[in-house]
Each structure stands twice: as C-alpha cells, then as structure tokens.
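What follows draws every value from the coordinates through simple rules; no lab data is involved. In this text the structure is predicted, and so the values were computed from the model without any measurement. For neighbour counting, all protein chains shown are included, and Cβ atoms are generated from backbone atoms with ideal geometry for every residue, glycine included.
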Amino acid sequence: MSTALHRLARVRWYLVIGIVALVAINGFPFYWMALTSVKPGTELFSYPPTFFTTAPDFGGFQRLFETTNFLTYAKNSLIIATGATVVSVAVSALAAYGLTRFPFPGSRAFSTAILYAYTFAPIVIVVPLYGMFREAGLINNYLGMILAYASFGVPFSLWLLQPFFRAIPAELEEAAFVDGANRVKSAWYVVFPQAAPGLIAVSVFTFLLAWEDYLFARVLITQDELKTLPIALHDLYNASLQDWPLLMAAAVLINLPVLIAFLFVQKYLVAGWGAGAIK
Amino acid sequence: MSLTRTTTTGAPAANTAPRASAPRRRMPGWFWGALLLSPAFFLVLGVIAVPIAYLVRLSFTDAHAYLPKFSSVGFDNYVALLRAPHFWDSVRTTVWYAGLTVGLQLVLGVLIALLLHQRFRGRGVVRLIALAPYMVPSIVVALVWRWLLDPTTGAYSWFVDKVWPGSEPPNLLSPNLIFWSLIAVSVWMFTPFIVISVLARLQTIDPSTLEAATVDGAGAWRRFWHIVLPELKPVLYTLILLRFMFMFTKFDVVYLFAGTGTEVRTLPVLTFQRIFGEARLGSGAAVAMVLFVLLMIFTTVYLRTLYREREETA
C-alpha cells in the first residue's frame, strides 16, 4: 500500500507531460495517414472530423491497384534499391577491409576525400549528372539509377564500416590462416561475419536512401513505366482530382518496408550513429 | 605480411606447423589495399567527382535542359545571377530556413534526448516513436502534413477550434504562412537526427559523476549546466555544422511541401526551377556552383572541427 502511494508521489509530471506530447506530435500524423487510407467517403470531409472509423473502407487501396500502375512503380523501386544496396555494400565492405588491413601511404587522405564526397549535396550533383547521363544514354535506365544511389551510399557506408573492421582482432584472422584458410576464405568466414552488425546497418541505410529518394528519380527518370514510388506518388498528388484515401493508401504501403527495416535495425542504427558517424 | 607471422598464443604444435601451401611470391600490402579500394574510388570518382568538374564547365555555357544546344558564354550566367534581385532573396530565404530549422532542431533535440535518457516503463517504444519521423520518405511527410493542415478538411481547423473556440484558424498553406509551416514540418522531420546523436553521447557520461554532484547538493539544472552540457559540447558543435550543411542544401521536403511557387524559393529550389522549369541547364549550373562553393567552405570548417575534436578526445 504505502509503496504504491510512494511511487505515485514520485511520478515526475514534467516527464509524463513531455512523453505524452512527444508521442502525440510524432505519432498523430502516422495515425491520421493510416486512418485516412481506410476512411469511408462519407466520413472523409465530415466536421467535426472522426478520429476512428467503425466501417473501414479499403476502396483507396483497391483504386490504387486498379487505376494506377502501383505494382510497376513498386517493382522499379525494389529493383533499384536492392541493386544499389548490393553494389554499395560490396564496394564499401571491400574498401573498409582494405583500409583497415592494408594501410598504405595516402589511405588516410583517401578516407578524408571520400568523407568530403559524403557532404556533397544531391542537388549539386544531380545537375551535371543529368547532363552526363543524357549523353551516355543512362536516363530512364535501371543501371544509371543503381550506380547513382550506390555511389551516394559508399561514402557514409565506408565511414561507418571502418570502426567495425578495425575492432576485429588480427589474431582472429591469423588463427584462420593457421587452420589453412587463405585470405579470401578468412575474410568471408571470419572477418565479414564479425562485421555483420555494421554491414546490416549500412545495407538498411543504402536501401532506404534509394527507396525514399525523390530528386534523382525525378530528374533521371522521365518514362512512366520506370518511375519509382516517391515520384509516382507526387504525380498522383498533382493529378487534377486529389483522391486522399488513395494517396494515403500509397503512403502507407511505401512506409511498410521502412517500418520493418526500422524495427529490425534500430539498435544497430543507434550504435552506428554513436560509433561512426557523429562520434 | 600477416600471413607469415606465427601465432603468439602458444597453440598446440599441430596447429602451428608451417604450411606447405604458403605463397612463394607475394604482392606488397599496399597493392592489395589499393586493389580493394579501387571500386569505391572509381564509383565515387565517376558519380561525384567527375560531375563536379562537368558542373564547372556547364556553368560557363548556355546549355539547354532538353536540346543539344551548347556554347560558351563566359561569366554571363554568374553576372546575371548576382544582378538578379530574386537570387539575393533566395540566398536570404536559404539562410533563414537553415538557421531557424537548425536552431529549433538543436534545442528540441537536446530536450527530447534528455527526456528519453530518463528511465521509465515503455522507453523502448517511446524511443522508436521519437525517431520515426526521420525514417519516413519526404514525399510522405509533405503529403501527410499538407493533408493535416488543409484549411478545408478538418483535422487542424478542428484542433484550433477546440483550443480557442470561435477563433478563425489561419490558412497555414497560404503564401504568406507557408514558410513558417515548412519550418515546423522540417523541424518535425529532422529533429530525431539530433536526438539519436545526443542520446548516444549521453549514454557515455559516467553516472557516478552525476550521483556525486547530487550528493553534493547540485539540482537538476546545475547538473545539466555544469556536467552534462560541457560533455555534450563537442557533439553539439559538430551537429550544428553538419545539420546546417544539410538544411542549407535541402531540396526534397522544401520543394514537395512548399516550393512549387516563388514564396519559398531556396537556392536548391531555384536550381531545380531554372533547369526543369525554365530548361536553362547552364544557368541552373551556375546556381548549383554557388551552392557548391558555400558548401565546400562549410565542409572544410566541419572536418577541421571533427579532427580537432578527435585529437582532443584521443
């Protein structure tokens, strides 16, 4: 009894208020998005607005799949984001291994130079890239998009991966050599599994970078059948009639992989941000 | 090198027996280092460094966005840009946008990080919700907020009516208020980045220092001001520069939420409008160059600070 009273008295009200406000401000837009996607037409513009619906209507999702090429856009996004992730992670894992195992004169300068590249703004790069891709025939091309996103992923990934590789003791690899493994085998079976948390974090980072990007896709894709989800969604919004349940249904579906990835790696994300990026 | 080194742990003799298959002629370490680095090097060179060089060239031409028209015009693009009053408006808008959003993000970010650092039940879930806005695609952020703030659809007008009954809610998407709405939406979206970074740093502060201060009678405010804040200072300094760089060049959420007209025309939006609205690739390249030079200055300052901080803590 007395402990319960004691606990109640110790409740810090500023903490409670802060948490409730934070959850409301951050969470409500997501709730409203999901709610709108299943609101029946009669409730959509009612005043006062309804904050719950007892008769969910999945017409928004149905119209999204029947009247737009949503699945094509999703396929494009998936191919480009996966391709960019594979290229970027492979390239930066090799480079991080090289930098930490075989330092050579100028490798620190190389790291710094790559770091500079990370800070280059997409809006600055996309202008000449558009000109170059136009001449090289890489506009409206999966490969062009994959290379563009992969190279944007590399600087950050390399930066984040280096501490992970550096933390792996050289003795571990030497033990593998003693057991008869060659360098490739020891890297594959000993070093890379040890760096798995870092590799997962950069994979998710690169995938989301490509999945969510608007600017590069807007500039480097002009054909409807090659559009990625973000530009397709913007074009649906700009269409003459704004069908909000349909738009919010699309928004919910675009967010799904993001949410899954986020739940899956949030602990790596916090660790990675702490260890590598901001220090 | 490490291949020929023997183990120092004194393992059983069977394991340390010299291997017959040891390579006879070996490449030097730097060769392998360079080989492993080369894919990253060429990718970054091809898609980031070469384009920058090409951007410099484009900015001195009258290149068209869709036609193969291309001739040198010297410094004309830059001269025209510096003479145009709307360019200076853009610079001012960009500085205000970056300055205000970074300042607000920082204050709110530190407050939220301190809040989430406290021990309470359900902290994991609250942390996830606190970080969520940063993970969402900017197109979704822009659309959801335009839908929430739409003056005719209810949610926001209803809220204003509940808090101040009978008041007329202003249209937050109108040309004279959209800038302030954009600030709010940007702060909502990007504050989690500060929260994550500050939270990571808070976790490394030795709790015994804080306990000792409490025993000595220091209140919450004094503990924050004299112990926590000095510890956070380096990371905050880094974050200010990093966030300023990002917000200064932010394109997507600005354009998607507010940038289709002329009310909120930051330099990135001006670049985009020049090229894809007016089809003037050369002129847009000049705007991008101005952005690039400003960015290089920030980056240099940023990296200097970062290295100085590394050396201090090392």
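If you take the Cα centroid of segment A:52-120 and the Cα centroid of segment B:177-253, the two points sit 28 Å apart.
In order along segment B:89-102, the Karplus-derived 3J(HN,Hα) couplings, from 6.51 cos²θ - 1.76 cosθ + 1.60 at θ = phi - 60°, round to 4, 4, 4, 4, 4, 5, 5, 4, 4, 5, x, 5, 5, 5 Hz, and Gly and Pro are given as x.
The ranking of A:SER88, A:SER111, A:SER46 from fewest to most other beta carbons within 10 Å of each one's beta carbon is A:SER46, A:SER111, A:SER88.
Here the gap between B:ARG222 and B:LEU67, fully extended at 0.36 nm per residue and compared with their Cα-Cα distance, gives a gain of 49.3 nm. Comparing mean-square fluctuations of A:ALA175, A:ALA95, A:ALA196 from a GNM of chain A with C-alpha springs under 10 Å, the top value falls on A:ALA175.
Taking amide H positions as modeled 1.01 Å from N, with prolines and chain starts lacking one, the residues under 5 Å from B:ARG280 and 5 or more places away or on another chain are B:ALA65, B:ILE275.
Rounded to the nearest 500, the 222 nm mean residue ellipticity of chain A from helices alone is -24000 deg cm²/dmol, with -39,500 (n - 2.57) taken per DSSP H run of at least 4 residues.
The B:GLU263 and A:ASN182 beta-carbon pair, evaluated with R₀ = 56 Å, returns a calculated FRET efficiency of approximately 0.35. Magnitude of the charge dipole for chain A, about its Cα centre and with charges confined to Cβ atoms of Lys, Arg (+1) and Asp, Glu (-1), is about 840 debye. Under the simplified labelling scheme, the B:ARG119-A:GLU66 pair shows an inter-label distance of 5.6 nm, with each label point 7 Å from Cα along Cα→Cβ. Its alpha carbons give chain B an Rg and a Dmax of 26.8, 90 Å.
Considered as an equivalent ellipsoid built on the Cα gyration tensor, the protein assembly as shown has semi-axes of 41, 35, 25 Å, the largest given first. A crude spin-label estimate for the pair A:ASN238 and B:ASP89, with each label 7 Å from Cα along the Cβ direction, gives 2.1 nm. Computed from Cα atoms, the angle from the helix A:70-101 axis to the main principal axis of chain A rounds to 30 degrees. Going from the residue with the fewest nearby Cβ atoms within 10 Å to the one with the most, B:LEU241, B:LEU267 rank B:LEU241, B:LEU267. Enter the angle in degrees (range 0 to 90, nearest 10) between the Cα long axis of helix A:13-37 and the first principal axis of the Cα atoms of chain A, meaning the one along which they spread out most. With both axes taken from Cα atoms, the answer is about 80 degrees.
Note on A:SER157, B:SER174, B:SER283, B:SER38: ascending count of other Cβ atoms within 10 Å places them as B:SER174, B:SER38, B:SER283, A:SER157, the fewest first.
With springs only between Cα atoms under 10 Å, which of B:ARG119, B:ARG146, B:ARG274 fluctuates most in a Gaussian network model of chain B? Result: B:ARG119 has the largest fluctuation of those listed. Only one residue of A:VAL23, B:ILE196, A:ALA195 has its Cα farthest out toward the positive end of the dipole of the protein assembly as shown, where Lys and Arg carry +1 and Asp and Glu -1 on Cβ, and that residue is A:ALA195. In this simple spin-label approximation, A:ARG12 and B:VAL163 carry label points 7 Å from Cα along the Cα→Cβ vector, and these lie 2.6 nm apart. Taking a temperature of 37 °C and a viscosity of 0.692 mPa s, what whole-number D in µm²/s does Stokes-Einstein yield for segment A:111-230 with Rh from Kirkwood over alpha carbon pairs? Value of D from the Cα-based Kirkwood radius: 198 µm²/s. If a spin label sat at a point 7 angstrom from the Cα of B:THR152 along the line to its beta carbon, the backbone N atoms of segment A:37-62 nearer than 13 Å would be those of A:45-46.
Look at the dipole of the protein assembly as shown built from charges on Cβ: of A:LEU229, A:GLN242, B:LEU239, the Cα furthest out on the positive end belongs to B:LEU239.
Of chain A, which part is the longest with no chymotrypsin sites (Phe, Trp or Tyr not before Pro) in a loop (DSSP not H, G, I, E, B) and with at most 15 other C-beta atoms within 10 angstrom? The longest such stretch corresponds to A:59-279. For segment A:153-215, the dipole from Cβ point charges (+1 on Lys and Arg, -1 on Asp and Glu) about the Cα centre works out to 80 debye, to the nearest 20. For chain A, the longest principal axis of the C-alpha atoms and the axis of helix A:142-166 are separated by about 60°. Normalised by the number of residues in chain B, the average gap of Cα pairs under 8 Å and 6 or more apart makes the relative contact order 27 percent. With contacts taken as Cα pairs under 8 Å at a separation of at least 6 residues, chain A carries a relative contact order of 31 percent.
Take each residue of peptide A:97-108, count the partner chain Cβ atoms within 10 Å of its Cβ, and average: the result is 5. Neighbouring Cβ atoms from other chains, within 10 Å of the Cβ of residues in A:154-160, number 2 on average. What the pair-distance distribution of chain A shows, using all Cα-Cα distances binned every 5 Å from zero, is 1, 5, 9, 11, 13, 12, 12, 10, 9, 7, 5, 3, 2, 1, 0, 0 percent.
Comparing B:ALA218, B:ALA288, B:ALA63 in a Gaussian network model of chain B, where Cα atoms under 10 Å apart are tied by springs, the biggest mean-square fluctuation is seen for B:ALA218.
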